[in-house]
Amino acid sequence: MNPWLVETSAIVAATAGITAYGALYPRAQFFGKTVCRTNSSRKLAITFDDGPNPAITPKLLDLLERCKAKATFFLIGKYVRECPELVMETVARGHIVGNHTELHPNLLWLNPTQVRIELRLCHDAIFNAVGAPPKWFRPPFGMRNPWVIPAARELGYQTAMWTLIPGDWREKSVDWLILRMQPIAQHVQQNLAKGPSANAAGSGTGDILCLHDGAHRQLNADRTRTLAALEHWLPRWRDLGLEFVTISDAVSTPAP
């Protein structure tokens, strides 16, 4: 076999592998900087995608308020236009809303102009609903190509990914979902096992949890399993010493 062909094939395979890693792996930084963890082992950033959803978002807001938890909601532009009052209520309760594109496409396959249109339309929808621009962006399915994060930066966004995405959109039981969210507690327990000196100031990093209060294919999707799983876990996580923060607070440095 021609050595040149072998070398070329190897380069092509390596390039494809790097591209796939950058596009698919949640914590990859190959296509641009993203926020993947909180800056303290005591901080848990709970995030929700694909809303607003009148069937479940209000119930989640009530649950979060009862548990003194703040969260971040990544919204689809077309649903923001249908439910602006719900977006306003979400912000009024102290949560953050972010851009999750206009129609929830797989951005991997879009060209730069198409990506910018998706982000701009959602940006404008959120601005019109709450009177302020969002500061955070999450790509649908977590998929990125070389121009996704640069397009987000043009709008002044930071891009947020996750450490845990338990798959709450699947048609599984609540018990299945509760088990899939167990790693959050395990990480806290592992940190506690390191001793008081390692945890005195909440050193290390913490989790960003990606859940769903909506569904990109329809409004009023059934997300009752997500609600039930959080009803189970929020008090338990709180008892372990976790603080439930927005994505902005997840990366902010406390004042001295």
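Worth a mention:
- In the range 204-242, the residues that are exposed (fewer than 15 other Cβ atoms within 10 Å of the Cβ), more than 30 Å from Cys122 (Cα to Cα) and either without any contact (Cβ under 8 Å) to a residue 24 or more places away in the chain or polar (S, T, N, Q) (or both): Asp239
- Pair list, Cβ under 6 Å, 6 or more apart: the range 83-101 residue within 21 Å of Lys68 (Cβ to Cβ), other residue in a loop (DSSP other than H, G, I, E, B) and β-branched (Val, Ile, Thr): Ile96/Thr246
- Test: residue in the range 81-92 that is among the basic types (Lys, Arg), surrounded by fewer than 24 Cβ atoms within 10 Å (Cβ to Cβ), farther than 30 Å from Trp147 by Cα and over 14 Å from the mean Cα position of the chain (by Cα): no
Table: residues versus (1) modelled with pLDDT of 95 or more; (2) out of contact with any Ser or Thr (no Cβ under 9 Å at 6 or more places or on another chain); (3) outside any helix (DSSP H, G or I); (4) closer than 27 Å to Trp237 by Cα.
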residue	(1), (2), (3), (4)
Leu63	yes, yes, no, yes
Glu102	yes, yes, yes, no
Ala125	yes, yes, no, no
Asn128	yes, yes, no, no
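- Note on the range 122-146: residues that are within 15 Å of Ile96 (Cα to Cα) and under 10 Å from the mean Cα position of the chain (by Cα) total 3.
- Hey, Leu121 in contact with a Gly (Cβ under 6 Å, 6 or more places away or on another chain), open to solvent by 50 Å² or more (accessible area, probe 1.4 Å) and at pLDDT 95 or above or not: yes
- Scanning the range 128-160 for residues being of a type in the set (Asp, Glu) and open to solvent by less than 10 Å² (accessible area, probe 1.4 Å) gives a total of 0.
- For the residues Arg236, Arg217, the requirement of being out of contact with any strand residue (DSSP E or B) (no Cβ under 8 Å at 6 or more places or on another chain) and under 16 Å from Leu63 (Cα atoms) singles out Arg236.
- Extreme residue, least open to solvent (accessible area, probe 1.4 Å), among residues of the range 161-189 that are among the charged types (D, E, K, R) and assigned to a loop (DSSP other than H, G, I, E, B): Asp168
- Some residue of the range 151-158 being of a type in the set (Ser, Thr, Tyr), under 17 Å from the mean Cα position of the chain (by Cα) and part of a strand (DSSP E or B): no
The values are calculated or read from the model by the stated rules, or taken from the named source; none is laboratory data. This one's a predicted model, so the numbers in the text were calculated from it and none came from an experiment. Note that each Cβ is placed from the backbone with ideal geometry, even for glycine, and that neighbours are counted across all protein chains shown. Heads up: the accessible areas ignore ligands, DNA and RNA and are worked out on the full protein's heavy atoms, side chains in. Shrake-Rupley method; radii C 1.70, N 1.55, O 1.52, S 1.80 Å.
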